[in-house]
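What follows is a single structure, written as structure tokens, with notes after it.
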Amino acid sequence: MSLSSSFFTWVQGAGFYRALYAEAVEMLPPGNGECWTDIGCGPGLMVRLASRRGYQSEGIDSSPDMLQAARLLAKKERIEARFTTGSLETLGNSDAAVLSIASLLSLQADVRAGLNHLWKALKPDGRLLIVEPTDRMSPRRARGISGSSLPGPRRRVLHLWARARAGSGIDPRIIRDFARERSAGFEERLALDEMVGIWVLHKNPEENAE
């Protein structure tokens, strides 16, 4: 694996990080072979958790190194999943029951444009899962919840993440307003002292594609 993919694999191995993703996945109903597509999958943690939740999971990423790491980890954990090259920008209409995006939407120059693109790609009655740092992400807050309250030995990952994402997190009101404007089913959880948001938006099956 490359240095970049090794680093992100290390990050996703942190106990608090895995617990956060597991909590997000469990907000979705158990699958029965339906498709779940994760955009910007990186080393594939969300994809592996979705597979264990009963979905036919697929990861999309623009980095060949990330995809290689994701395939290796899925094979190691005996997870059947598909990994393909792509990005949010290249995402077309999807037949997946669930589209997910994590730690990527907040990096977009225009968050609402990214949301619009995901929403258009989402099929009627589909669910959109978003896991992103919020605008409350900061090193100070990370220090405040460090220590024994976080599972796993890699607690300093939270400090690194907070330093990297401070000032670039999503204001939760953007997601709330978007869901209200689309009359979407909506569930929200804020974790890690509100530094991370987990949102599930359920598309009305009668909504016409824009």
Check: For the charge dipole of the chain, defined by +1 on Lys and Arg C-beta atoms and -1 on Asp and Glu C-beta atoms about the Cα centroid, which residue among Ser51, Leu158, Ala184 has the Cα displaced farthest towards the positive pole?
Finding: Leu158
Notebook entry, point to check: Farthest toward the dipole's positive end in the chain, which of Leu73, Leu88, Val98, given Cβ charges of +1 (Lys, Arg) and -1 (Asp, Glu) about the Cα centre?
Noted result: Leu73
Next item on the list: Rounding to the nearest 20 debye, state how big the charge dipole of the range 73-186 is about its Cα centre with +1 on each Lys and Arg Cβ and -1 on each Asp and Glu Cβ.
Entry: 660
Checklist line | Fraction in percent of alpha-carbon pairs per bin - 10 Å, the range 75-140 | finding: 17, 44, 28, 11, 0
Notebook entry, point to check: Where both partners of a DSSP beta bridge lie in the chain, what percent of those bridges are antiparallel, to the nearest 5?
Noted result: 40
Notebook entry, point to check: the range 71-151: which trypsin sites (Lys or Arg not before Pro) are DSSP loop and have at most 10 other beta-carbon atoms within 10 angstrom?
Noted result: Arg78
Notebook entry, point to check: How big is the accessible area of Ser103 in square angstrom, nearest 10, if you roll a 1.4 angstrom probe over the protein chains?
Noted result: 20
Note to self: Charges at C-beta only: +1 for Lys and Arg, -1 for Asp and Glu. How large is the resulting dipole of the range 1-124 about its Cα centre, in Debye rounded to 20?
What the structure shows: 260
Margin query: To the nearest 20 Debye, how big is the dipole of the chain about its Cα centre, given +1 on the beta carbon of each Lys and Arg and -1 on that of each Asp and Glu?
Written below: 980
Checklist line | Anisotropy class of the range 40-101 from Cα gyration tensor, a/c 1.5 cut | finding: oblate
Margin query: Rounded to whole Å, give me the distance from the Cα center of the range 164-210 to that of the range 28-78.
Written below: 22
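The values are calculated or read from the model by the stated rules, or taken from the named source; none is laboratory data. Being a predicted model, the structure only gives us computed values, none of them experimental. Neighbour counts run over all protein chains shown; Cβ positions are idealised from the backbone, glycine included. Heads up: the accessible areas ignore ligands, DNA and RNA and are worked out on the full protein's heavy atoms, side chains in. Shrake-Rupley method; radii C 1.70, N 1.55, O 1.52, S 1.80 Å.
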